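Please read the structure below before turning to the comments.
The values are calculated or read from the model by the stated rules, or taken from the named source; none is laboratory data. Since this is a predicted model, take the numbers as computed values, not measurements. Neighbour counts are summed over all protein chains in view; Cβ atoms, including those assigned to glycine, are modelled from backbone coordinates with ideal geometry. What goes into the accessible areas is simple: the full protein's heavy atoms, side chains included, and nothing from ligands, DNA or RNA. Shrake-Rupley method; radii C 1.70, N 1.55, O 1.52, S 1.80 Å.
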Amino acid sequence: MSIFRRVGDFLFADPVRLIELFSALNLMGWAWLLAFDPSLLLRDSYAGFAALGGSAWAALLASIAISQFAPMIRRFRHSANLRFMAMAAASGAWLVIASNFLLSGVSTTAEVNYLLLSLICMVSGAYLGWTSRST
């Protein structure tokens, strides 16, 4: 089987896979940024994250991303349930991120983008919870 076929089979295994991958990679990006650039929390638009600290947020977001990656990469007995829970956690994380930008008073497109990502993860998670054949 060619590498392109294997990648295609992985990416398009079901309608939610690309959204999961997009969310997980973005959460890892956030985790990386918060872990290795804590000065970012000094900006007004990131002030809501300062109370918990960059390393705690990084650990939280990375753990959610890993919980999304694990059932995608390796199939478990209850992969659909694990994927559902990971998408619910990701939806919550994106909602917290969107709320932080909204409450910061700094006008950016981040509020809308992260709110949409939260809603997309919520709907995708509901799909995973609804269908039992998702892997």
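Out of everything in region 61-99 that is farther than 18 Å from G125 by Cβ and in contact with a helix residue (DSSP H, G or I) (Cβ under 8 Å, 6 or more places away or on another chain), what residue ends up being least open to solvent (accessible area, probe 1.4 Å)? Only one residue tops the list, namely A62.
Could you list, in sequence order, all residues of region 10-57 that are among the charged types (D, E, K, R), closer than 20 Å to L119 by Cβ and not in a loop (DSSP other than H, G, I, E, B)?
Initial filter on region 10-57 (among the charged types (D, E, K, R)): 14, 17, 20, 37, 43-44.
Then keep just the ones that are closer than 20 Å to L119 by Cβ; that gives 14, 17, 20.
Result: R17, E20.
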